[in-house]
Amino acid sequence: MQFLRTPNQCFEDLPGYPFAPHYVDIRSNTRTAMHMHYVDEGPRDAAPVLMVHGQPTWSYLYRKMIVPLAAAGHRTIAPDLMGFGRSDKPVEKTEYSFERHIDWLEELVTKLNLREITLVAQDWGGPIGLGLLARQPDRFACVVAANTMLHTCDPDLAGRVAWSNYGVGDEDICISEGLLNWIAYSQRAPKIDASMPVGASTVRKIDAATLAAYDAPFPDERYKGGLRQFPILIPITRSDPGAGINRATWKALSEFDRPFLTAFGDSDPGTAGWDTIFQERVPGAKNQSHTTVNNAGHFIQEDAGEELAAIVVKFIRRARGSK
């Protein structure tokens, strides 16, 4: 597998991101070990909060949450998925698959021997992080799902989510034009930058230096294989391998009785409706203080990171039976 490593100088002096880098060697599906980067702040002996990003972001997305969570006494870990941030980047797009992303995250969690995990998952961080939970549920103490989804394309999703993606009859699919446009754009656009969807999918103004920080891991097109591949991995047929993975995850979640909280932004059409589905299907979501964050779009961590961190801290305290 041919991969690239973004030069360290690309990450110098990024606003609000002073964190020391940490790495594990990843060998799943590879002949040569790749580096997977993660932020690791707060006391090392504390139960971890594992915050998993999606596409096209990286651990920079969680910078507003890392400091307050660590200050509250939590070991705060924010990995960069392979192909993103300071993690190594396979060059060929087809090296990235949904299953491999779960494999790579599983190797990091296993090598760090993380247990009693609070998972915070947004965008693709949901299918990947929850996919890992389905494999190793005993490692997880509780979950915060924030603007995420688990597509299966099953007919029972009809009318439940703002961006339609469900089966009709035996052979047809109803899919939102907005979702299909994003998939097509990711494959056809001659130039694609992480900052574009971040800026377009937040509500509160982002300055130019912050937007540039989202582009820092991708100095040229060769580094963008993972960025381009994620949208095409979204299941849009019932037979898609990702739909099967998500069905297995839903089965595991149907038995997950530990605390499960939804905290969605109020201005995200891409995931609108999924919070209710999680609340209905996950036993641990019953009687939780589910939250809608006002004036927050898809990248809720960018719009309201400090507010979301406070929600997570309060949730963990309640989950552990303390005040």
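A few points about this structure:
- Divided by 2.2 N^0.38 Å, where N counts the residues, the Cα radius of gyration of the chain comes to 0.92.
- Cross-link reach is defined here as a Cα-Cα straight distance under 13 Å, omitting same-chain residues fewer than 8 places apart; for LYS191 the aspartates and glutamates meeting it are ASP215, ASP220, GLU221.
- Applying a threshold of 32 Å to the alpha-carbon distances of LYS224/LYS286; LYS111/LYS224; LYS224/LYS314 flags LYS224/LYS286; LYS224/LYS314 as lying beyond it.
- Taking amide hydrogens as placed 1.01 Å from N in the peptide plane, the amide H of ARG75 sits under 5 Å from those of ALA46, ALA47, VAL49, each at least 5 positions away in sequence or on another chain.
- Dipole in debye (nearest 20) - the chain, about Cα centre, beta carbon charges: Lys, Arg +1; Asp, Glu -1: 740 debye
- ³J(HN,Hα), Karplus 6.51/-1.76/1.60, whole Hz, each residue of the range 42-58, x for Gly, Pro: x, x, 5, 8, 7, 4, x, 9, 9, 10, 10, 8, x, 10, x, 9, 7
- Beta bridge orientation in the chain: antiparallel %, DSSP, nearest 5: 40 percent
- Choice from CYS174, CYS142, CYS153 showing the highest fluctuation, given a GNM over the chain with Cα pairs closer than 10 Å: CYS174
- All Cα-Cα distances of the range 204-319, cut into 10 Å bins from zero to the largest, leave 11, 29, 36, 21, 2 percent in each bin in turn.
- Packing-based ranking, highest mean first, of 205-214, 87-96, 124-133 given that Cβ atoms within 10 Å are counted: 124-133, 87-96, 205-214
- Remark: the range 292-299, residue by residue, has Karplus-estimated 3J(HN,Hα) of 10, 8, 6, 6, 9, x, 4, 8 Hz, where x stands for each Gly or Pro and the curve is 6.51 cos²θ - 1.76 cosθ + 1.60 at θ = phi - 60°.
Since every read-out is calculated from the coordinates, none of them should be taken as a lab result. Fair warning: this is a prediction, and the values are worked out from it, not measured in the lab. So basically every Cβ, Gly included, is an ideal-geometry build from the backbone, and we count neighbours across all protein chains shown.
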